[in-house]
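Nothing in this text is a laboratory measurement; each read-out follows from the coordinates by a stated rule. Computed from a prediction, not measured in an experiment: that's the story for all the values here. FYI the Cβ positions are ideal-geometry reconstructions off the backbone, even for glycines, and counts take in every protein chain you see.
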Amino acid sequence: MLPMLAAQAAPGADQALVSALAGMVGAGNVLADFPDRLAASRDRAPIATFAFRDGLVPGVLPRAVVRPGSREEVARVLAWANANDVPVIPYGAGSGVLGGAIPLGGEIALDLKRLNRLVAINATDGLATVEAGMNGGRFEAAVEAEGFTCGHLPQSLHMSTVGGWLACRGAGQNSTRYGKIEDMVVGLCAVLADGTEVEVRPAARRSTGPSLRDVFVGCEGTLGVITEATLRIWKRPEAELPLVLSFPDIAAGLEAGRRILQAELRPSVFRLYDETETVPRVKELADFGKGRVLAILVFSGIERLAALERDLAGEIAAALGARAEGDAPYRHWLAHRFESYSPPWQASGHFMDTCEVTGAWSALVEMYSRMREAILDLCPAAHFGAHWSHAYPEGACQYMTVRLPPMPRAEGLALHARAWDLLQTLTVVMGGSIAHHHGAGLLRGPWMAAELGAGGAAMLQRIKDALDPGNILNPGKLGLRPRASAARVMGEG
Ligand SMILES: Cc1cc2nc3c(=O)[nH]c(=O)nc-3n(C[C@H](O)[C@H](O)[C@H](O)COP(=O)(O)OP(=O)(O)OC[C@H]3O[C@@H](n4cnc5c(N)ncnc54)[C@H](O)[C@@H]3O)c2cc1C
């Protein structure tokens, strides 16, 4: 595989660029050898994996990987890049799944993992200040050591950075209680394309015009580089009480979700699986009824309160035909909750991807059946499974796995692109959002105008043009204008 990849690596490292960067961050922190550039040439987007397994780079290699060690060094690198028209891709841990970190032409990768310190814990105000490149698992371990949890526990906890969470507007598995990352961030520091440093001081709330913080949260590196964040942290819960249920069908399960959330109960975890995703999870439950679907809820916090919430939710669910089941599916989920299950499927030649969207309670049942039907019409041999997690009083995230069987690359990529188009178009038709927590990156660019509306998309582009007139910050992502020289990425919609 490597010789094919190496053949695409030309031209070699740009010595003038390497020396200029070395002058800002130290020679040891500029990596320009082929393996380092190769490692930063992609994230975990399946389209990139499809290319890699065939010995190809999805886009192009970055010209170099630069590793600043402080906010000042980030500012210096950006000021220089802006002055010299060198595009820059902020790079956290590369666990993004929409191609947000894939270079399209001429970029340097700004690897933020040296910004990895827990700056402070303020136990009185329940806040932690952390540098953006800190690994998520290490951050959680550090706050746990002080008796807290950060409350943001994505499946990718150990393979992502705090800055990546913010840049993508991520969601953790306990989001139904603690919220998404945008609900947790109270302040941040960022650097603009020209090197200007911006600090949004942590404050409980403010009323001073539009939120500058929200310019950066979800910007996926296109509007600035987040260098530090102050996040809410929470006392580690006294109890975590599971409630494992089965429902006659997904309509009953979703209706229970709606009633539970609208009754102002706040499970930390709410997961309802369709029949396809239920079957492998209930193997240990001998008398789990055929056709029934599984739900795992967890109630946490002060034990007496959590127990009351669990019992009330159980009553709401029972009225909809729910049955209490054994704890085995909960224990299995708990033990494997941070594992990635896609590598064996990708390695065996499948075209596997996931797509998470947001839907209103009133739309979810129809949204699911139309999407399932559309995918199975497109490819009868496809696997389609879904679950609903991250629930709100008004709706929930529908998280779908689509697995196309092994086939020649061109055919697989065409079907994969068509599957994405079906899912994203149907989401918009059904009034949902095309992305709940993975971000837009490169892959979702074609549907951003439908998501934001023509006026909204034009406004986002104007904000980008005003903050980054040279278009050096992660160009061509989030549906924003690419640079003239941008390469097309294999499999891009
Ligand atoms: C197996 C698996 C499970 C996953 N589970 C979840 C999940 O449960 N919940 C969830 O929300 N996501 C999940 N993801 C997606 C991914 O982990 C998240 O989007 C994560 O937040 C990305 O963080 P990262 O540090 O790896 O970012 P990267 O992949 O390095 O970057 C993502 C994007 O953000 C930009 N960026 C990164 N850091 C910064 C910064 N400091 N400032 C500005 N821009 C920046 C990059 O340029 C890029 O556009 C999962 C991914 C995988 C592979």
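Points worth noting:
- Relative contact order of the chain, defined on C-alpha pairs under 8 angstrom at six or more residues apart (%): 16
- Distance from region 99-160 to region 344-379 (C-alpha centre basis), Å: 30
- Overall Cα dimensions of region 317-367 - principal axes, largest extent first, Å: 45, 30, 16
- Computed over neighbours whose Cβ is under 13 Å from that of Pro406, the net charge equals +1, Lys and Arg +1, Asp and Glu -1.
- Across all Cα atoms of region 239-336, the radius of gyration (one decimal) and Dmax (whole number) stand at 12.5, 36 Å.
- Residues Arg205, Arg403, sorted so that the one with the fewest Cβ neighbours within 10 Å comes first: Arg205, Arg403
- Rg [Å, one decimal], Dmax [Å, integer] - the chain, C-alpha atoms: 22.7, 70
- Along its three principal directions, the equivalent ellipsoid of region 11-103 from the Cα gyration tensor extends over semi-axes of 24, 14, 11 Å, largest first.
- Packing rank of 186-197, 38-49, where each peptide gets the mean count of other beta carbons within 10 Å, highest leading: 38-49, 186-197
- Averaging over all projection directions, the Cα-based convex hull of region 231-296 occupies 6.1 nm² in the image plane.
- Relative frequency of Cα-Cα separations exceeding 24 Å in region 139-257, percent: 38
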